[in-house]
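Below you'll find the structure, written out as structure tokens, and then a few comments.
Please treat every number below as a calculation from the coordinates, not as lab data. Keep in mind the model is a prediction, meaning the values are calculated, not measured. No Cβ is skipped: glycine too gets one built from the backbone with ideal geometry, and neighbour counts run over all protein chains shown.
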Amino acid sequence: MTSRERTLSAINHREPDTPPIYVSLTPQVAKKLCELLEIPYEEPIDAMESARISHMGLLTTMGVDIIATAPTAAPDCPTVTLTDGRIKNEWGMIFREVGLYTEFAEYPLAHATTAKDIQDYPFPDPNAPGRFDTAAKMINTYSDKYAVIGDVETMFYEMSWYLTGYEKFLTDLLLEAEYLPFLMDRIMNYIIIAGKKLIEMGIDILWCGDDFGTQHGMIMDLDTWRRVFKPRIKYMFEEFRKVRSDIKIAWHSCGSILPIIPDFIEIGLDILNPIQPLAAGMDPAFLKNTYGNDLVFFGGIDIQQLLPFATPQIIRDEVRRRIEILGKNGGFIVAPAHNIQPDTPVENIIAFLEAAKNPY
């Protein structure tokens with residue numbers, strides 16, 4: 001099977017020769033792998049989900065079956081480094097570098113209280129010239145052989161708090177602040193336009209997502225989630241399927257989200273990601289036995305303990321065990337449960353890929 005055939009088989013609940021593989025990397029990990037393989041390092045792509053869509057030349061060389069692409073920062077409004085060394089993106093979010101990572105330094109809508117505050121804010125234009133040029137190039141380069149994911153993760157829950165601040169957003173959510181529905185709907189409409197464009201361009205999977213779980217359970221009560229978030233997600237899915245009724249939709253949510261899995265099935269989700277292995281209740285056998293007829297599972301390989309700290313042989317054994325459980329009768333994309341982090345030795349990444357490519 002080609003990589004594309006393998007993936008299409010799996011996401012349509014047919015058992016391929018081996019489960020398809022997807023991987024995403026932090027830049028530090030990509031540099032180490034490029035040095036190991038003696039291939040040129042490519043700088044990360046300027047996008048909200050940069051790690052998801054960068055380094056595809058490296059990853060296809062290493063044997064992945066699926067590549068990802070996304071809208072990128074508009075060429076006339078790139079991410080910039082300010083005079084004080086902090087970083088500002090086209091949404092107005094400002095970050096500071098903290099060791100290997102960047103953290104939020106300023107939230108541009110931290111002052112928001114009214115609908116007018118949202119109406120007056122200069123949101124990015126989803127149709128800005130050049131926003132989909134990289135996506136078009138990647139689809140043209142890879143789609144004959146590889147399956148293609150279009151990534152529009154970090155939607156109206158996460159993007160809202162990226163703009164307002166996390167504590168403010170959750171507090172205002174409970175207080176039903178005037179501005180919040182206007183903010184979430186403005187972001188939602190941006191994502192709908194971007195998602196529809198990617199579907200029109202020929203992607204195989206549209207990857208949506210917001211993190212609704214923690215290591216131990218849901219971030220919010222179920223009534224709030226079902227009142228505020230579920231109807232908007234349902235509306236988005238319906239809008240995406242107006243473009244192509246058979247588009248496969250994936251949802252990413254870190255953490256333990258067991259209570260809302262049936263809700264996602266009800267509103268038409270096809271693929272659940274990332275199946276965070278150490279989150280409470282996200283047991284692969286339970287999920288496969290309970291929801292395997294309705295959902296494809298995408299992820300399932302632990303990046304918190306297994307990949308960074310286990311031996312290569314333990315990793316190979318665990319990857320094969322996961323594939324045996326989640327890959328039975330198809331319906332599984334094998335992948336780390338998030339971007340592979342800089343604490344992961346390159347030999348452990350190689351062990352993961354060896355087992356994923358030769359699972360039986």
Original post:
Can you give the angle from 0 to 90° between the axis of helix 133-142 and the longest principal axis of the chain, with both taken from C-alpha atoms, to the nearest 10?
Top reply: 10
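Arrange the following residues from fewest to most other Cβ atoms within 10 Å of their Cβ: Asp185, Asp151. Provide the component values of the computation, followed by the final result.
Working: Asp185 14, Asp151 27.
With the sparsest Cβ surroundings first, the list reads Asp185, Asp151.
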Subject >> Using θ = phi - 60° and Karplus 6.51 cos²θ - 1.76 cosθ + 1.60, couplings along the range 203-210 (whole Hz; Gly, Pro as x) >> reply: 5, 9, 9, 9, 9, 9, x, 8
**OP:** Identify which of Ile301, Ile118, Ile199 has the largest mean-square fluctuation in a Gaussian network model of the chain, with springs joining Cα atoms closer than 10 Å.
**Re:** Ile118
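Return the percentage of antiparallel bridges among DSSP beta bridges fully within the chain, rounded to the nearest 5 %. Intermediate values should be presented prior to the final figure.
Values: 10 of 34 bridges.
In the chain, DSSP labels about 30 percent of beta bridges as antiparallel.
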**OP:** Over all alpha-carbon pairs of the chain, lay out the pair-distance distribution in 20 Å bins, whole %, shortest bin first.
**Re:** 29, 61, 9
Original post:
Each residue of the range 22-28 in turn: what ³J(HN,Hα) in whole Hz from Karplus with 6.51, -1.76, 1.60 and θ = phi - 60°, glycine and Pro shown as x?
Top reply: 10, 9, 10, 10, 6, x, 4
Original post:
In Å, what is the Rg of the alpha-carbon atoms in the range 247-360, and how long is Dmax?
Top reply: 13.8, 41
Original post:
Out of every Cα-Cα pair in the range 125-226, what percent are more than 18 Å apart?
Top reply: 56
Subject >> Size descriptor, Kirkwood hydrodynamic radius, that averages inverse alpha-carbon separations across the range 44-168, Å >> reply: 16.2
**OP:** Work out Dmax and Rg for the range 12-93 from the C-alpha atoms and quote the Rg first, both in angstrom.
**Re:** 15.9, 54
Original post:
Which residue, Asp117, Asp270, Asp210, tops the fluctuation ranking in a GNM of the chain built on C-alpha contacts under 10 Å?
Top reply: Asp117
**OP:** Could you grab the relative contact order for the chain? Cα pairs under 8 Å, six or more apart, rounded to a whole percent.
**Re:** 20
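With a 10 Å Cβ neighbour count serving as the proxy for reagent exposure, in which order, fewest first, do Val98, Val23, Val148 appear? List each step's numbers first, then the result.
Working: Val98 9, Val23 25, Val148 22.
In increasing order of surrounding Cβ atoms, one gets Val98, Val148, Val23.
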**OP:** Give me Rg over Rh for the range 31-78, both radii from the alpha carbons and Rh done the Kirkwood way, two decimal places.
**Re:** 1.02
Subject >> Members of Lys145/Lys357; Lys196/Lys248; Lys196/Lys230; Lys288/Lys328 lying beyond 18 Å, as alpha-carbon distances in this model show >> reply: Lys196/Lys230
Original post:
Assigning unit charges at the beta carbon (Lys, Arg +1; Asp, Glu -1) and nothing else, what dipole magnitude in debye, to the nearest 20, does the chain show about its Cα centre?
Top reply: 760
